[in-house]
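Written out below as structure tokens is the structure these notes cover.
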């Protein structure tokens, strides 16, 4: 499966303002729900309590299963300043991929997507510095190029 | 105080997250520290128990009964008027009422969660 076709420019915010975990999750959730959803943020925070999804090297993949969505939903955020996300390497997180799916998603798309994003992140962190483009369209193009390499 | 249906939703979500933790595909992704420590298992059990304690005893019994019967999918979404557990078309009265109260699917008996 490919990840880049699932990305939508209106769900990519490359100028995340919040510097705290809860605030950033709120911003990302707002993108997928079109409004605030405290319940979904709570579920994501509960998942974080079981272990941070900040995988290190400036990247986090917050994810959860929730009855508050009816299909796989994805949002991307980038913060130049960095977010305190309690990542495994204790460093600030800059790039975030939010992935939410219903508890019983068709074709196990959720786990496949998580696996794909993890593979993309491995490629992204190979370089010393995270180079994130300025526009959502360019970001999708960058992910597409990475996926072409790791096919 | 949270509505019982919201607490059932939280339990379903928590259980589905734990189910993922048991899957090899998930474990390979590196979100969990390997090997899983006894402290981690205890912490999860404690969190789950905390959540269960907030739920009405009879509802919890029914939750466990459905879980035992179906394996998973205890609380299911109502999507476009259908039960997403057994895909039967639901009566409009049940659809309207499950927004505010606990309702089960007349066919499969699963708890219905209305996604507003």
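Readers should treat all values here as calculations from the given coordinates under stated rules, not as data from a laboratory. Every value quoted in this text rests on a predicted model; they were computed, and no experiment measured them. Reconstructed Cβ throughout: ideal geometry from the backbone, glycine too, with neighbour counts over all protein chains shown.
Computed values, structure above
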item: For B:76, A:117, B:41, A:132, order by how many other beta-carbon atoms lie within 10 Å, fewest first; result: B:41, A:132, A:117, B:76
item: Separation of alpha-carbon centers, the stretch A:78-151 and the stretch B:21-62, rounded to whole Å; result: 26 Å
item: As computed over chain A, the Cα convex hull volume per residue (Å³); result: 101 Å³
item: Distance in nm between pseudo-label sites at residue A:71 and residue B:93 (7 Å out along the Cβ direction from Cα); result: 3.3 nm
item: Helix-only mean residue ellipticity at 222 nm for chain B, each DSSP H run of n ≥ 4 adding -39500 (n - 2.57), per residue, nearest 500; result: -15500 deg cm²/dmol
item: Chain B - percent relative contact order, Cα under 8 Å, separation 6 or more; result: 24 percent
item: Cβ-derived FRET efficiency at R0 35 Å, residue A:119 paired with residue A:17, nearest 0.05; result: 0.75
item: Between 0 and 90°, nearest 10: helix B:57-70 axis offset from chain B longest Cα axis; result: 80 degrees
item: If the convex hull is drawn through the Cα atoms of chain B, its volume per residue in Å³; result: 130 Å³
item: Percent antiparallel among DSSP beta bridges (both partners in the protein assembly as shown, rounded to 5); result: 50 percent
item: Shielding by partners - mean other protein chain Cβ count within 10 Å, residues of A:110-117; result: 3
